[in-house]
Amino acid sequence: MTARSPLRRLRRSELPVDTVELARFLIGIVLVHDGAGGRVSGRIVETEAYPLGDPASHAYRGRTRRNGAMFLERGLAYVYLIYGTSVCMNVTSEEFGTGAGILVRALEPLDGIAAMERRRGTDSLRDLTRGPGRLTQALGIQLSDDGADLCKPGPLWLARRAGPDSDVGASVRIGLTRAADAVLRFYERSNPFVSGVRRLSP
DNA sequence: CAACGGATCAGCT
DNA sequence: GCTGATCCGTTGG
C-alpha cells in the first residue's frame, strides 16, 4: 500500500458545462471504481472532447438507444463497445438534452494495481491503463455501467486529488475519419501512460 | 433483415 | 508496421 493523497468526490456543479473545458479539466482528476475486489483508481492523463455539432461524435445524428446517456446531464458515464472487442467510457457534458461527451483515453494507475494486472492479464504496468479499452478493462468498467452517475454516491466516481497542476498539451484526436484535424485531444505532457505518443502535436 | 463500419487491441512481422 | 478478431448500432433495401 502506497500513501495516497486524500480523494474528494467531485460535485456536478464543479464540472465545467462546456465540453472542451471539461476535457481539459479532467486531466489530473481521479477515476475511481469501488468493487467487490476493493478500490481501483487512476489519474486521468488523456481525454478527447466530442462537443456539440461534432461530426465525429456518437451524438451527431441525434439520440439513439446506445448514446442516450450523452443527452442527459453532465457527469454521467457513457459506456459503449467498439470494434466488437473493446469497451470505452466517456464522461457526459453540456446541458440536459444536448448530446456531448469526453472519451477517457488513458489513466495513470493509483490504487488496486494487483487487481488491474489480474483483469488485464499482464503485469506490464505501462500497459494496464494506456488506451481507452485497456483502462475500462483494468478498472472493471462494463457496458452495464452505461448511464452511471459519476457525481452521486456509487461505485464509479470522479475525485479531486491534491498535487501539482498538470502540464497539459493538445493535439488532434486518434483514429477518426471525420473532423480529423480538430485539436480536441488533451494529455499530460511527459506522462508515460499517455497513448498514441506519435501524435502529441496537432 | 442483411450489410457495414467503427473514438481498439493483441499478436505477429 | 500490419492484420484479424468480433460485436453492436445504424443504415439501407
Positions within region A:147-184 being in contact with a Gly (Cβ under 8 Å, 6 or more places away or on another chain) and not small (G, A, S), in sequence order: A:D149, A:L150, A:C151, A:P155, A:L158, A:R161, A:D165, A:I174
Considering only residues that are closer than 22 Å to A:E14 by Cα and aromatic (F, W, Y), which ones fall in region A:70-84? A:F71, A:Y78
Of the conditions (1) touching a His at 6+ places or on another chain (Cβ under 9 Å); (2) more than 25 Å from A:V197 (Cα to Cα); (3) surrounded by fewer than 24 Cβ atoms within 10 Å (Cβ to Cβ); (4) not polar (S, T, N, Q), A:G75 satisfies every one except a single condition; which number is it? (1)
If you take the residues in region A:68-82 that are in contact (Cβ under 8 Å) with a residue 60 or more places away in the chain and near DNA strand C (Cβ under 8 Å from one of its atoms), which one is nearest to the chain's Cα centre (by Cα)? A:Y80
More than 24 Å from A:L72 (Cα to Cα), of a type outside the set (S, T, Y) and under 16 Å from the mean Cα position of the chain (by Cα): which single residue out of A:V194, A:V183 fits that description? A:V194
Just to be sure I understand, how many residues within region A:99-144 are over 14 Å from A:G196 (Cβ atoms), buried (at least 18 other Cβ atoms within 10 Å of the Cβ), within 16 Å of DNA strand C (Cβ to nearest atom) and small (G, A, S)? 3
Test: A:E108 is more than 12 Å from DNA strand B (Cβ to nearest atom) and either assigned to a loop (DSSP other than H, G, I, E, B) or not small (G, A, S) (or both): yes
Hey, does region A:50-67 have a residue that's more than 16 Å from DNA strand C (Cβ to nearest atom), part of a strand (DSSP E or B) and among the hydrophobic types (A, V, I, L, M, F, W, C)? no
Any idea which residue in region A:103-142 is farthest from A:S57 (Cα to Cα), counting only those that are in contact with a His (Cβ under 7 Å, 6 or more places away or on another chain) and not small (G, A, S)? A:L139
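Table: residues versus (1) closer than 23 Å to A:L176 by Cβ; (2) among the basic types (K, R); (3) out of contact with any strand residue (DSSP E or B) (no Cβ under 7 Å at 6 or more places or on another chain); (4) within 16 Å of DNA strand B (Cβ to nearest atom).
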| residue | (1), (2), (3), (4) |
| --- | --- |
| A:V17 | no, no, yes, no |
| A:L22 | yes, no, no, yes |
| A:I29 | no, no, no, no |
| A:R66 | yes, yes, no, yes |
| A:Y80 | yes, no, no, yes |
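Where a number appears in this text, it was derived from the coordinates with a stated rule and is not lab data. Keep in mind that this is a model prediction, so the values were computed, not measured. Neighbour counts run over all protein chains shown; Cβ positions are idealised from the backbone, glycine included.
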